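Everything below concerns the one structure shown next.
The values are calculated or read from the model by the stated rules, or taken from the named source; none is laboratory data. Remember, it's a predicted structure, so these values are computed and weren't measured experimentally. In this analysis, Cβ positions are derived from the backbone assuming ideal geometry, glycine residues included, and neighbour counts consider all displayed protein chains. SASA here: full protein model, heavy atoms, side chains in, ligands and nucleic acids out. Shrake-Rupley method; radii C 1.70, N 1.55, O 1.52, S 1.80 Å.
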Amino acid sequence: MTEKTNVLIVGSGPTGLTLAAELARRGIGHRVVERAPEPSLGSKGKGLQPRTQEIFDDLGMIDRVLASATVYPPLRVRIGRVAVYQGRMHKPAAATDAVPYPMVVMHPQWRTEEVLRERLAELGGKVEYGAELTGFEQDAQGVTARLGTGVTVRADYLVGADGGRSFVRKALGVGFAGETREEERMALGDVRVEGLGRDHIHVWVRPGRGMVALYPMAGTDTFQVLAPLKPGVTPDLTLSGFQRVFAERSMLRGVRITELLWSSLYRVNIRLADRYRDGRVFLAGDAVHAHSPAGGQGLNTGVQDAYNLGWKLARVLAGAPRSLLDTYEEERRPIAARVLGLSTGLHDKKTYKRDEETYQLQVGYRGASLARDGGDRVPDGPLLLADGCRARMFDLLRGPHFTLLSPDPAPRVPDGPQVRAYAPAEPYGSVRHTLIRPDGYVGIATDSSNELAGYLAMV
């Protein structure tokens with residue numbers, strides 16, 4: 001028997017879960033399949049950029065994230081007990097009207113995924129664990145996928161959000177150009193530690209032996225341990241292995257790793273897929289871009305992939321022209337290329353410092369086909385409406401709809417996309433009509449009602 005759905009999502013990391021939540025809140029049928037038997041427990045990607053926090057605000061889950069997140073504590077570098085450097089990775093910044101989430105926050109990936117699953121459940125969705133994708137074929141009408149459970153699924157579209165070793169990408173034969181730096185490997189783990197405070201990121205460097213770092217994980221009693229490995233060294237990812245490396249490189253007595261909860265061997269990969277789409281099959285997240293850890297860009301770029309693709313899939317399934325789906329790769333692949341260059345540069349410079357360039361608030365789509373004198377992120381801020389009501393921009397944008405700012409009492413809005421229209425007391429910008437896409441970017445800014453209607457007919 002073949003089961004049917006609109007969108008089959010392969011992979012339940014932050015990218016797949018964000019996409020599922022985006023589809024669920026639009027009432028689009030979907031399934032999330034995951035080959036692992038249960039949720040991952042690792043901290044992995046731990047930094048949520050300001051733009052990702054704005055996306056989670058739109059999805060209705062930011063309060064749960066911030067309840068257990070914290071800004072990154074100061075970083076202290078020592079040789080033994082001697083401090084040789086202290087500072088912050090991110091310059092402190094206060095919230096403003098335009099930027100309500102100005103700081104990168106630390107939030108272990110397992111918790112980010114947990115909050116996303118909670119939100120998805122509220123929207124009626126779930127993850128199917130132990131359901132590995134074993135094969136698929138596509139035709140003009142859809143995709144037929146086979147799962148290891150013996151189930152066959154017929155979907156309108158399939159999205160591979162299945163990580164750097166993506167089965168979907170490999171099955172499509174999509175190239176993944178770039179490099180794997182085998183000489184740059186790192187032992188990574190979640191540990192409990194005795195005798196160490198949690199008010200700093202602790203880094204020890206021992207000349208000739210190497211570096212070890214302990215990050216106090218927000219909202220937990222654990223630390224993430226990072227220990228670069230020398231070329232040719234076989235990693236020991238056991239508790240005793242981490243204890244030995246920590247003792248050798250920190251040269252401390254009285255501080256001890258007591259428990260290992262999760263571990264992984266990390267290799268620096270810097271890669272970008274040749275394409276993001278093959279017919280009715282799409283790729284997103286680590287399946288199409290692999291980053292160094294510098295700058296905390298990988299997880300956050302994947303969330304934005306899903307945020308971009310989700311509303312477009314929903315619109316096409318609701319009757320919009322299928323050409324709308326062409327804009328996913330057009331918009332997202334150049335962004336990934338730029339972000340890869342940024343994270344690689346930070347990695348090669350071996351700098352701890354981060355600035356606004358890594359916050360992804362400057363990401364936009366100017367010059368793309370859906371950006372008609374637009375493409376920029378819409379900032380938050382107070383807005384006075386013509387009826388005398390006061391509102392905040394993000395409150396108007398929150399939800400799956402398009403937002404139209406226009407003084408016309410009855411602007412020409414064709415049947416199709418869900419548009420909420422508001423009349424500002426003063427023009428928003430220098431034009432009469434500003435249409436904001438569901439993902440919070442300006443779609444078109446124009447004085448022409450005909451141009452506005454023509455744009456809406458495309459989406």
Original post:
What shape does region 1-41 take by its C-alpha gyration tensor, where a ≥ b ≥ c are the square roots of the eigenvalues and a/c under 1.5 counts as rounded, a/b above b/c as prolate, and the rest as oblate?
Top reply: oblate
Subject >> For peptides 18-25, 232-239, 154-161, sequence by mean Cβ density within 10 Å, most packed first >> reply: 18-25, 154-161, 232-239
**OP:** Working from Cα positions, state the angle (0 to 90°, nearest 10) between the long axis of helix 298-317 and the longest principal axis of the chain.
**Re:** 20
Subject >> Sparse-neighbour loop sites [chymotrypsin sites (Phe, Trp or Tyr not before Pro); region 166-259; at most 15 other C-beta within 10 Å; DSSP] >> reply: none
Original post:
Cα centroid distance between region 17-75 and region 88-112, in Å?
Top reply: 15
**OP:** Taking Cα extents along the principal axes in Å as the quantity of interest, determine which of (1) 131, 70, 47; (2) 104, 53, 40; (3) 73, 56, 36 was computed from the displayed structure.
**Re:** (3)
Original post:
Sorted by accessible area (1.4 Å probe), largest first, how do Val71, Val303 line up?
Top reply: Val71, Val303
Subject >> Positive-end residue of Val7, Gly298, Val33, charge dipole of the chain with Cβ unit charges >> reply: Gly298
Original post:
Which value at 222 nm does the chain reach when only helices count, each DSSP H run of 4 or more adding -39,500 (n - 2.57), with the total divided by all residues and rounded to the nearest 500 deg cm²/dmol?
Top reply: -8000 deg cm²/dmol
Original post:
When ranked by the protection proxy of mean other Cβ atoms within 10 Å per residue, highest first, what sequence do the peptides 208-216, 383-391, 256-264 form?
Top reply: 208-216, 256-264, 383-391
Original post:
Peptides 108-115, 56-63, 83-90: what's the order by average Cβ count within 10 Å, highest mean first?
Top reply: 108-115, 56-63, 83-90
**OP:** Round to the nearest 10 and report in Å² the accessible area of Lys44, as given by a 1.4 Å probe over the protein chains' heavy atoms.
**Re:** 80
Original post:
Which sequence of Ile79, Ile9 reflects their accessible areas, 1.4 Å probe, from the largest down?
Top reply: Ile79, Ile9
